Structures are given as C-alpha cells and as structure tokens.
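Asks: The structure follows.
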Amino acid sequence: MFELPKQALVVTAHPDDIDFGGGGTVAWLRSQGVGVSYCICTDGNQGGEDPSVSRDEMRKIRRSEQIAAGAILGVTDVSFLGFDDGKLFPTLELRKAIVQEIRRVKPDVVITQSPERNWNRIYSAHPDHLAAGEGAVQAVYPDARNMFAFPELLEAGFEPWTVSELWLMAHATPNHFVDITDYLPKKLAALKAHASQTNQIADLEERITNWGTLVAEQSELGSGKLAEGFFVVSTL
C-alpha cells in the first residue's frame, strides 16, 4: 500500500469535486510522472447561482471548466458519463459505465469519494458523492476484474482489469496523507477555473488553506504544512 502508482483514475460525481477534495494530490502525482485520468459521473447542471443560465448551458459550462481545471493540473484525459446532476444512484448502469472507464484506462489506483457519510464534513456527503463513491467501489470490486460481469464490455474489447488500491476522499478516518504544501497554487488555480462555482466564494484561498492545515494536523507532516487525506484500501 501507498506505493507510487503508474496510472490513476479519478471518479467523482461532479465537475470540481476532485479539485476541492484532491487537486493538490493530482498535481503531486503528475509531478511524479503518474498518469491521471478523470471520470466525471454528472455534468453538474444543478450547479451555479445564476438563474439566467439555462441548465443545458450550465452542462456545457461545467464540462468546459473541468477540462480547463484538469489542464492546469496536467490532466488531459477527461471523460463525462452524462448522468443527471442530483439524480445519481449506484445503479448497474453507473457501475457498467465506470467499469468501462477502468478497463479503458487500466489504473493501479482509483481515487473516488467515500461512499460513507462523514458527519464532520456534511458538505462532502452530497448524495451524488456517496453514489459515485459506491458505484466506483463496486466497479473496482468485483466488476472490473470479473470477465463475466457485463459481458458486452468484453465483447467490445474492454478486457478485465484489477485495480490495486482505492483512495477514498473525505473519509472520516483517513489513513494516508499527501503533502500538498508546494501544490497549493495549482490547486487554487484549478478551483478558480470553475468560475461558475467559485467566483462567489470570496474567501476561497483562506478556506482551502485552512482545510489543508487541519488535515495536515491529523498527519505527521509537521507544522506549517498543508495536506489532503485519503482512506486507502488494498483490493488485492
């Protein structure tokens, strides 16, 4: 556990989820030469606070923002599954879509949202987040490695793949911490790329810095550090 992977796949419910929960980690992984791909389950069309923007237009805006944010962190492989924002459930359809992405990308690690509600961080426990996390966990085990799960994917050329580790964001009891102190500027830049969501957050930099400091205090990184925490599970 905790070895540097060659390839990681991020599975989240909405555009901007990874940038809030793991943007610093993605920047660090890319700096280490790790390949990173994104799989975004919804288009985030319920986001934003401007009623003059149609929901169809918001879909386009949020996709564009996520692509731009990914590029800032060094991620160019961004897939959108197209499920409706606010209506995500860990269905077989969602599992199949995530399995296809796992088999396409062939990651050593899947980074996703915790399927368990964290009562200390209720904002991270959006129902879509829980659903994306549960769908990703089920896709990792047992589906992606099982040749008899979704045989139509095998027929289409998507061979079974075994993911070695799950890294769960926003878990109540993280067991692995990534020092993101040097990557705060990139994390903030990626978040600001989600202008439809973050322009109204006047204290964005202060808020992100405080969160990173609190997480670092749970770890053994020492004072003056910023961190992102994950609950890491071996699936081997």
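Asks: Based on the Cβ-Cβ distance from TYR141 to TRP119, what FRET efficiency comes out when R0 is 30 Å, to the nearest 0.05? List each step's numbers first, then the result.
Replies: Details: r = 26 Å, r/R0 = 0.86.
So, using R0 = 30 Å, E works out to roughly 0.70.
Asks: Ranking VAL99, VAL10, VAL137 by Cβ neighbours within 10 Å, fewest first, what do you get?
Replies: VAL137, VAL99, VAL10
Asks: Can you tell which of ALA13, ALA27, VAL53 lies farthest toward the positive end of the dipole of the stretch 9-74, using +1 and -1 charges on the Cβ of basic and acidic side chains (Lys, Arg; Asp, Glu)?
Replies: The one lying farthest along the dipole's positive direction is ALA27.
Asks: With +1 on the Cβ of every Lys and Arg and -1 on the Cβ of every Asp and Glu, and nothing else charged, how large is the dipole of the stretch 1-115 about its Cα centre, in debye rounded to the nearest 20? List each step's numbers first, then the result.
Replies: On the way: 13 positive and 16 negative charges, 103 e Å.
That gives a dipole near 500 debye.
Asks: Within the stretch 95-137, list the residues whose amide N lies under 17 Å from a label point set 7 Å along Cα→Cβ of PHE89.
Replies: Correct set: 95-97, 127-136.
Asks: Take ASN199, project a point 7 Å from its Cα along the Cβ direction, then tell me which residues of the stretch 24-56 have their backbone nitrogen under 16 Å from it.
Replies: Residues 47-55 fall inside that zone.
Asks: Specify which residue in the list TYR141, PRO90, PHE230 is farthest towards the positive end of the charge dipole of the chain, using unit charges on the beta carbon of Lys, Arg (+1) and Asp, Glu (-1), about the Cα centre.
Replies: Value: TYR141.
Asks: For a quick check: with amide H placed at 1.01 Å from N, whose amide H comes under 5 Å from ILE180's, ignoring anything fewer than 5 positions away on the same chain?
Replies: The list, which skips near neighbours in sequence, is LEU226, ALA227, GLU228.
Asks: Rounded to the nearest Å, what's the spacing between the alpha carbon centres of the stretch 45-62 and the stretch 123-187? Just the number, please.
Replies: So the separation of the two Cα centres works out to 27 Å.
Asks: What is the total of Lys pairs in the chain with C-alpha atoms under 20 Å apart, excluding same-chain pairs fewer than 8 positions apart?
Replies: 7
Asks: Give the long-range amide H neighbours of PHE150: residues separated by 5 or more places, or on another chain, with amide H under 5 Å away, using H modelled in the peptide plane at 1.01 Å from N.
Replies: none
Asks: May I pose another question? If amide hydrogens are placed 1.01 Å from N in the peptide plane, which non-local residues have theirs closer than 5 Å to the one on TYR38?
Replies: VAL10, ASP77, VAL78, SER79
Asks: Order these by the 10 Å Cβ neighbour count, fewest first: TYR38, TYR183, TYR123, TYR141. Walk me through the numbers on the way to the answer.
Replies: On the way: TYR38 27, TYR183 24, TYR123 9, TYR141 15.
Arranged by neighbour count, lowest to highest, TYR38, TYR183, TYR123, TYR141 become TYR123, TYR141, TYR183, TYR38.
Asks: Between TRP211, PRO174, ASN199, whose Cα lies farthest towards the positive end of the dipole of the chain when Lys and Arg beta carbons carry +1 and Asp and Glu beta carbons carry -1, centred on the Cα centre?
Replies: PRO174
Asks: What nm value, rounded to one decimal, do you get for the distance between SER164 and ASP182 when each label is placed 7 Å out toward the C-beta?
Replies: Output for this residue pair reads 2.3 nm.
Asks: While we're on this one: In terms of the ratio Rg/(2.2 N^0.38 Å) built on C-alpha atoms, what value belongs to the chain?
Replies: Working: Rg = 16.9 Å, N = 236, 2.2 N^0.38 = 17.5 Å.
Normalised Rg, Cα atoms only: 0.96.
No value in this document is a laboratory result; all are computed from the given coordinates. Being a predicted model, the structure only gives us computed values, none of them experimental. Ideal geometry is used to build each Cβ from the backbone, glycine not excepted, and the neighbour counts take in all protein chains shown.
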